[in-house]
1. Give the residues of segment 68-110 that are of a type in the set (D, E, K, R) and out of contact with any Lys or Arg (no Cβ under 6 Å at 6 or more places or on another chain), sorted by residue number.
2. Out of all the residues in segment 26-47, is one or more under 15 Å from I131 (Cβ atoms) and either buried (at least 19 other Cβ atoms within 10 Å of the Cβ) or touching a helix residue (DSSP H, G or I) at 6+ places or on another chain (Cβ under 8 Å) (or both)?
3. Quick check on this structure: which one of V124, V133 is without any contact (Cβ under 8 Å) to a residue 12 or more places away in the chain and away from ligand 2 (no atom under 16 Å from the Cβ)?
4. I want to confirm something. Restricting to segment 103-138 and keeping residues that are in contact with a strand residue (DSSP E or B) (Cβ under 9 Å, 6 or more places away or on another chain) and open to solvent by 80 Å² or more (accessible area, probe 1.4 Å), which single residue is nearest to ligand 1 (Cβ to nearest atom)?
5. Scan segment 2-13 and give yes if some residue there is assigned to a strand (DSSP E or B) and closer than 21 Å to L136 by Cα, otherwise no.
6. Take E52 and tell me if it is part of a helix (DSSP H, G or I), touching a residue at least 40 places away in the same chain (Cβ under 8 Å) and open to solvent by 20 Å² or more (accessible area, probe 1.4 Å).
7. Tally the residues that are within 12 Å of ligand 2 (Cβ to nearest atom) and either surrounded by 14 or more Cβ atoms within 10 Å (Cβ to Cβ) or assigned to a helix (DSSP H, G or I) (or both), restricting the search to segment 81-102.
8. Quick one: which residue in A47, A61, A72, A77 is aliphatic (A, V, I, L, M) and free of Cβ contacts under 8 Å to residues at least 12 places away in the same chain?
Amino acid sequence: MATTMTEAPPVDWQPVITRVDAERARRAARQRAQGLGFGRDESEVAALIASELATNLVRYAQGGRIGLRAIAQSGRAGLEIASRDDGPGIADLRLALNDGYSTGGGWGHGLPAVRRLANEFDLVSTDRGTIIVVRLWAKASR
Ligand SMILES: Nc1ncnc2c1ncn2[C@@H]1O[C@H](COP(=O)(O)OP(=O)(O)OP(=O)(O)O)[C@@H](O)[C@H]1O
Ligand SMILES: [Mg+2]
């Protein structure tokens, strides 16, 4: 059947339960960014974001999934990094996005850093889980 709809490429979801999985998610994001033509620093940003989101999955949600997806807009390549879990949710979003707030004895810098580094940042959290979607756009090539 013919369709005129443009299909978004599928999200590549990887389960993240342990720290080893989180480390794998970090490498996958870096590799995916490099494959999309992101520069070295931009790829490290992608890796950092995936790592922070994945680490939070391990610590606060008893695991979840990290999704990577290539996106494009006006000819510019982008990488979407998503995190989803069925954990308890983030009790106080405003606090969680503030530097220095942690319920787990961390530094509380992860989520605020992710938000600052993201070109687009969306977060939905209820007592049934959390979804975070980050978009990074590659810098225009010289
Ligand atoms: N997926 C999640 N599910 C439930 N709560 C979360 C989740 N991610 C983050 N949180 C909550 O948000 C708080 C802030 O997260 P953030 O990543 O900024 O800090 P942290 O993980 O505590 O410390 P750091 O990332 O600096 O090591 C966490 O302490 C936790 O309470
Ligand atoms: Mg964290």
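The values are calculated or read from the model by the stated rules, or taken from the named source; none is laboratory data. Predicted model only: the values in this text are computed from it and were never measured. In this analysis, Cβ positions are derived from the backbone assuming ideal geometry, glycine residues included, and neighbour counts consider all displayed protein chains. Surface accessibility is based on the protein's heavy atoms, side chains included, excluding ligands, DNA and RNA. Shrake-Rupley method; radii C 1.70, N 1.55, O 1.52, S 1.80 Å.
1. Filtering segment 68-110 down to residues of a type in the set (D, E, K, R) leaves 69, 76, 80, 84-86, 92, 94, 99.
Matches in segment 68-110: R69, R76, D85, D86, D92, R94, D99.
2. The answer is no, given that none of the residues of segment 26-47 is under 15 Å from I131 (Cβ atoms) and either buried (at least 19 other Cβ atoms within 10 Å of the Cβ) or touching a helix residue (DSSP H, G or I) at 6+ places or on another chain (Cβ under 8 Å) (or both).
3. Just one listed residue meets the conditions, V124.
4. This residue is R115.
5. Pass one, segment 2-13, residues assigned to a strand (DSSP E or B): 12-13.
Imposing the further condition that a residue be closer than 21 Å to L136 by Cα reduces the set to 12-13.
Yes: one or more hits.
6. Judged against the criteria, E52 is a match.
7. Selection size over segment 81-102: 6.
8. Values: A47 fails: free of Cβ contacts under 8 Å to residues at least 12 places away in the same chain; A61 fails: free of Cβ contacts under 8 Å to residues at least 12 places away in the same chain; A77 fails: free of Cβ contacts under 8 Å to residues at least 12 places away in the same chain.
Exactly one residue qualifies, and that residue is A72.
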